[in-house]
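So the structure is just underneath, and the comments pick up after that.
The values are calculated or read from the model by the stated rules, or taken from the named source; none is laboratory data. Note that this is a predicted model, so its numbers are computed, not measured. Please note: Cβ atoms are built from the backbone with ideal geometry, for glycine as well, and neighbour counts cover all protein chains shown. Just the protein is used for accessible areas: all its heavy atoms, side chains included, with ligands, DNA and RNA removed. Shrake-Rupley method; radii C 1.70, N 1.55, O 1.52, S 1.80 Å.
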Amino acid sequence: MDIRQAFLDYFASKGHTIYESSPLVPDDPTLLFTNAGMVPFKNIFTGEVPVPNPPRAASCQTCIRAGGKHNDLENVGHTARHHTFFEMLGNFSFGDYFKEDAIAYAWEFVTDILGLPVDKLWVTVHESDDEAEAIWAKHIARERILRMGDKDNFWQMGDTGPCGPCSEIFFDQGEEHFSGPEDYLGGDGDRFLEIWNLVFMQYERDKEGNLTPLPKPSIDTGMGLERVVAVKEGKRSNYDTELFMPIIRAVEELVGRPYIYESGASYRVIADHLRSTTFLLAQGVNFSNEGRGYVLRRILRRAVRHGYMLGLREPFMFRLVDTLVTIMGGHYTYLNEKRERVRQMMQLEEERFFATIAAGIELFEKELANTERLFSGAVAFKLYDTYGFPLDLTQDMLKEKGLDVDTAEFERLMQEQRERAKAAWKGSGDTRVEGDFKALLDEFGHNTFVGYDNLKAESRVLAVLNDGFARVKCLEPGEKGWVMLDITPFYAESGGQTGDAGMIRNMEDGATVADVVDTKKFFEINLSEIEAKTKICENDLVETVVDTARHEIAKHHSATHLLHSALREILGDHVTQAGSLVEADRLRFDFSHPKAMSAEEIAAVEAWVNEKIERGIEGEVEEMDIESAKAKGAMALFGEKYGDRVRVVTFGEKSIELCGGTHVRNTAEIGMFLITKESGVSAGVRRIEAVCGHAAYEQVREVRGTLAHITTELKAKDPLQGIAKLQEQVRQLKNELKEAQKAKTSDVKSEKIGDITVVVDEVEGGDIKAMIDDLKNAHEKVAVMLFQKRGEKVLIAAGQKNTSVKAGAWVKAIAPILGGGGGGRDDFAQAGGKEPSKIAEAKIRAMEYLKETL
């Protein structure tokens, strides 16, 4: 039985809109990952955006709990039900139906659709919720309903905001399997398994903790797919189901020995972590040392370490991706499309960790032997910094030994590193914006963008906001804020393209009312950021004019599309976009590729794009439904929100993309295209920076000017011939210098102390380190110190071979005479001084030091 599809079909039959799973990286800067089914609907529940029509929804949402407040990582593999990645089935009512229907739907689905036996089902309600108990009593015997307190049966989004009692459905797994002291309904044992939580959002909690009934209470439910599949299959562990066992069987084949549940935690960790790493990589998250990318790295390396414990000594996780795609690719079709990229990225990261894991484990075991209770934080930091062991991986290894790590010492060293790098990560890196957006949507709806075809428009100012996004009537001259226009030609920052700038003018005399400095989208409302020049108010009729830089932005955006196609054509179909920036004077394009591009590949990509520009290919922009666009071959970016109708931008047969940005009408308008840099962003992600149009012309002009200057300086018509001539002169001078240095070495004065040749002298020129090396090569036993005056300073160098003198100590003893200091190794050391007038005194003392030492 396909429980996932059965759930969605059931709620579709009840008038719910079925929403696709939102990305694991949420549009919410307060969260690291989407960790619950209601996250995509959070703004609706909090009232920040209007309620959709119909006001009921259902989804199967992919979730990650492996970082931040919600972190199940350390329990994975050791329990029957903890996962880093899971799917949450949920149905939601936004002020529509409430307890009566929510309970009825849940009961019908569990008993009729899933066919779970009634005598195995139990229900809990909040201790104060008489209404819920009475409704449940219509479906299940009262003796199977248990009242519980706030800890178990009251839900709230935060300290303030929507909240309410909840009701949970439990499945009794059988007394014959579970008979511990906690195996009762409400206990911490595993006998009674919670399978569905129905949250009744009926209150608003204020800062004082007071509860006020909501005028339109809502429903938020969540049912873990993995648990329900286990119940339906009669399994007591999620890992024994069809969702995990094919992966575990594949691990068995790699390891070469059978999986036994009681000792198989490592198999389960690998199976779970494969799911989270594959989905994150497929959705565009990349391995890195901060934020979400670091959580991804931690998960994969934890899995690799468990594979290492099973005897695997080379990358293996990437080999399991095909098995997972077979299990889940039918519903999440993008897994099929991203399969090769995921395998490549995973293999690269595994190779990096396998290169250091053996040395890291050796260091760990060495320190473990000296640990009685608390493992060294300094060693844990070295494991992290040098060998790539995340702290929680070290803690995981220690947990198996019943030990802890000195986290205070580890954090101190981490903080020192952060301060040195000035790279501490905070939240998602985004700023959470709060303002009167819902009121704007309720009053005006979405405003109309006309900027594809018009760079000017006659507009009405619908609303004015200050720089804190609070609604105001007017902005005075000099004030900064935002305006919502009924019709706007200003493109809002999206899809990597920067937002438009421009001006707002008075309709009557054409005088500038405000400068538009940027344009952004907030809940799909197009708002322009302005600096008022004169007073600007709600309901003003104005002329809006987009800055001429827009055409240069369009050139760079179209060039980005051609660049994407060129990379796929020359490097392969594994190339997918991982990020972009489009501005008036440059573009930046991040893409998946396992290694640095060669000079030949860069040249080929640049030539491919310029050939398409020279051909003057007409651009074509069409609107169609998403399925038609995909059938046409349009490339869509994971995580981008596409409506029922999408915009497809086409240049010839090779470049077809879903895109809401602005573009040239013909590739010939782009002008010259130049790649300025190719570099790495993170493991498996490369970056190309390029210019076109006027920016390319300016770069060529600058290069021509530089070349003309070089030609003048070289006094040669052909710069390459001039450079070759200079190189030959340099080679000759180097040879002459080497000969001169040899002559200087032979000029230094030496004497003998026993069988040791001793040199303490001042030289006028040459490389004194090279001179010392020559003397060491010429004598079996030698001690030498040379002084060289350089302007108002002195350079001191000392060396020895096969003597008891230590060069570092010798230099430290002599340098202070010259007002300096220094040191080095026993065989060579150097220092500097500021008093060249005391060289003679230093020479005498250096010789005395030698005689005392030798």
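How many of the residues making up segment 598-611 are part of a helix (DSSP H, G or I) and either without any contact (Cβ under 8 Å) to a residue 24 or more places away in the chain or more than 19 Å from residue 676 (Cβ to Cβ) (or both)?
5
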Subset of segment 454-466, residues open to solvent by 40 Å² or more (accessible area, probe 1.4 Å) and either at pLDDT below 90 or under 13 Å from residue 544 (Cα atoms) (or both), comes to 454, 455, 456, 458, 460
Of the residues in segment 547-569, those that are closer than 29 Å to residue 460 by Cα and either open to solvent by 50 Å² or more (accessible area, probe 1.4 Å) or in contact with a Phe, Trp or Tyr (Cβ under 6 Å, 6 or more places away or on another chain) (or both) number 3
Can you give me the number of residues within segment 454-496 that are farther than 30 Å from residue 657 by Cα, touching a Gly at 6+ places or on another chain (Cβ under 7 Å) and of a type in the set (S, T, N, Q)? 1
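Listed residues 260, 270; which is within 20 Å of residue 392 (Cα to Cα) and among the β-branched types (Val, Ile, Thr)?
270 is the lone residue from the list that is within 20 Å of residue 392 (Cα to Cα) and among the β-branched types (Val, Ile, Thr).
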Every pair of residues 6+ apart whose Cβ atoms lie under 7 Å, when the first sits in segment 122-139 and is open to solvent by 50 Å² or more (accessible area, probe 1.4 Å) while the second is among the small types (Gly, Ala, Ser) and not in a strand (DSSP E or B): 127/149
Those residues that are in a strand (DSSP E or B), buried (at least 17 other Cβ atoms within 10 Å of the Cβ) and touching a Leu at 6+ places or on another chain (Cβ under 9 Å), I need them from segment 572-587; list them, please. 577, 580, 587
Taking into account only those residues within segment 149-159 that are open to solvent by 50 Å² or more (accessible area, probe 1.4 Å) and part of a loop (DSSP other than H, G, I, E, B), which is nearest to residue 45 (Cα to Cα)? 157
Restricted to segment 168-196, and to residues that are under 19 Å from residue 118 (Cα atoms) and without any contact (Cβ under 8 Å) to a residue 12 or more places away in the chain, which residue is least open to solvent (accessible area, probe 1.4 Å)? 184
Give segment 485-506 a look and list any residue that's of a type in the set (A, V, I, L, M, F, W, C) and closer than 23 Å to residue 443 by Cβ, or say none. 485, 487, 490, 492, 504
Can you find even one residue in segment 633-649 that is on the phi > 0 side of the Ramachandran plot and in contact with a Leu (Cβ under 6 Å, 6 or more places away or on another chain)? no
Do we find a residue being part of a strand (DSSP E or B) and either open to solvent by less than 80 Å² (accessible area, probe 1.4 Å) or touching a residue at least 24 places away in the same chain (Cβ under 8 Å) (or both) anywhere in segment 741-751? yes
Listing of strands (runs of 3 or more DSSP E) fully contained in segment 71-148 that carry 1 or more residues being under 30 Å from residue 307 (Cα atoms) and charged (D, E, K, R): 85-93
Out of everything in segment 11-28 that is more than 14 Å from residue 89 (Cβ to Cβ) and aliphatic (A, V, I, L, M), what residue ends up being most open to solvent (accessible area, probe 1.4 Å)? 25
Would you please list the contacts, defined by Cβ atoms under 8 Å and residues six or more apart or on different chains, that run from a residue in segment 387-405 that is surrounded by fewer than 15 Cβ atoms within 10 Å (Cβ to Cβ) to a residue that is in a loop (DSSP other than H, G, I, E, B) and at pLDDT below 85? 404/373
I'd like to check something: does segment 646-665 contain any residue that is farther than 18 Å from residue 561 by Cα and open to solvent by less than 80 Å² (accessible area, probe 1.4 Å)? no
One residue is enough: does segment 787-800 have a residue meeting the conditions in contact (Cβ under 8 Å) with a residue 40 or more places away in the chain, in a strand (DSSP E or B), closer than 13 Å to residue 846 by Cα and more than 56 Å from the chain's Cα centre (by Cα)? no
Would you call residue 590 touching a strand residue (DSSP E or B) at 6+ places or on another chain (Cβ under 8 Å), without any contact (Cβ under 8 Å) to a residue 24 or more places away in the chain and in a strand (DSSP E or B)? no
Residue 790 - would you say it is of a type in the set (Lys, Arg), over 15 Å from residue 760 (Cβ atoms) and open to solvent by 60 Å² or more (accessible area, probe 1.4 Å)? yes
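Looking at this structure, is residue 224 within 18 Å of residue 191 (Cβ to Cβ), open to solvent by less than 30 Å² (accessible area, probe 1.4 Å) and among the small types (Gly, Ala, Ser)? Steps first, please.
Working: within 18 Å of residue 191 (Cβ to Cβ): yes; open to solvent by less than 30 Å² (accessible area, probe 1.4 Å): yes; among the small types (Gly, Ala, Ser): yes.
Here the answer is yes, as residue 224 does meet what is asked.
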Test residue 813 against the stated conditions and say whether it is under 55 Å from the mean Cα position of the chain (by Cα) and either over 25 Å from residue 837 (Cβ atoms) or hydrophobic (A, V, I, L, M, F, W, C) (or both). yes
Looking at (1) closer than 17 Å to residue 460 by Cβ; (2) aliphatic (A, V, I, L, M); (3) under 23 Å from the mean Cα position of the chain (by Cα), find the lone condition where residue 525 falls short. (3)
If you check residue 574 against the conditions, is it out of contact with any Phe, Trp or Tyr (no Cβ under 6 Å at 6 or more places or on another chain), closer than 30 Å to residue 501 by Cα and not aliphatic (A, V, I, L, M)? no
Regarding residue 483, is this residue of a type in the set (A, V, I, L, M) and touching an Asp or Glu at 6+ places or on another chain (Cβ under 8 Å)? no
So which residues in segment 227-277 are among the β-branched types (Val, Ile, Thr) and open to solvent by less than 30 Å² (accessible area, probe 1.4 Å), if there are any at all? 228, 229, 231, 241, 247, 248, 251, 255, 269, 270, 277
Single residue of 96, 72 found to be acidic (Asp, Glu), at pLDDT 90 or above and either buried (at least 18 other Cβ atoms within 10 Å of the Cβ) or in contact with a Leu (Cβ under 6 Å, 6 or more places away or on another chain) (or both): 96
If a residue has to be open to solvent by 40 Å² or more (accessible area, probe 1.4 Å), in a loop (DSSP other than H, G, I, E, B) and touching a strand residue (DSSP E or B) at 6+ places or on another chain (Cβ under 8 Å) to count, how many in segment 612-635 make the cut? 1
Checked against (1) under 23 Å from residue 593 (Cβ atoms); (2) without any contact (Cβ under 8 Å) to a residue 60 or more places away in the chain; (3) surrounded by 17 or more Cβ atoms within 10 Å (Cβ to Cβ), residue 322 satisfies every condition except (3)
